[in-house]
Amino acid sequence: MKIRFKTFSREEVGLKQIDIAPLIDVVFQLLIFFMLTSSFLSVPGINIKLPKAVTSEIIEHRSLTIVITSQNILYIEDKPVILSAIEDLIKKNKYDSVFIKADKDANLGSLVSVWDICKRNGVEKIGLATTFEE
């Protein structure tokens, strides 16, 4: 009984190269997938919990948005402000509508103070943000 061993030619002895084109395709597809799905996540700058209302409606146009947190801190465009600064801003820019996002745990006095400043300075439309409950 004779045993035959396979002989290798010079080309077969060297290292074989791995084709990485399919690997690159998969990596790019994963990259695009994660880029698209992560863009739908929005992280608000100010964390507030809006109260729920059944009769709320969607407002398309907002001239000025004021945020009141549960610690009664007032924000305009993610910057903390005081009541007098809000009054000066409304007087200076002559806003006709103001949108107030107040946390459900915010002090009612803060909300009334902002509302009063708006009415005193001629703001006709004041909206309160709520979440819709079905």
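The values are calculated or read from the model by the stated rules, or taken from the named source; none is laboratory data. None of the values given here were measured: they were computed from a predicted structure. Don't worry about glycine lacking a Cβ; one is built from the backbone with ideal geometry, like all the others, and counts go over all protein chains shown.
Below, the figures for the structure above:
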quantity	calculated
Within the range 98-134, considering residues that are at pLDDT below 85 and among the hydroxyl-bearing types (Ser, Thr, Tyr), the one farthest from residue 68 (Cα to Cα)	131
Of all residues in the range 14-47 being among the charged types (D, E, K, R) and either in a loop (DSSP other than H, G, I, E, B) or under 30 Å from residue 70 (Cβ atoms) (or both), the one that is modelled with the highest pLDDT	19
Residue match in the range 119-128 (condition: within 24 Å of the chain's Cα centre (by Cα), surrounded by 14 or more Cβ atoms within 10 Å (Cβ to Cβ), in contact (Cβ under 8 Å) with a residue 60 or more places away in the chain and farther than 14 Å from residue 47 by Cα)	yes
Near pairs, Cβ below 9 angstrom, 6+ apart or cross-chain, from the range 68-82 (touching a residue at least 40 places away in the same chain (Cβ under 8 Å)) to any residue that is outside any loop (DSSP other than H, G, I, E, B) and surrounded by fewer than 15 Cβ atoms within 10 Å (Cβ to Cβ)	74/80; 74/83; 74/85
Residues satisfying the stated conditions in the range 91-104, i.e. exposed (fewer than 15 other Cβ atoms within 10 Å of the Cβ) and more than 21 Å from the chain's Cα centre (by Cα)	91, 92, 93, 94, 96
Of all residues making up the range 91-134, the number that are of a type in the set (Phe, Trp, Tyr) and part of a helix (DSSP H, G or I)	1
Residues of the range 62-90 satisfying the condition of being over 20 Å from the mean Cα position of the chain (by Cα) and assigned to a strand (DSSP E or B)	81
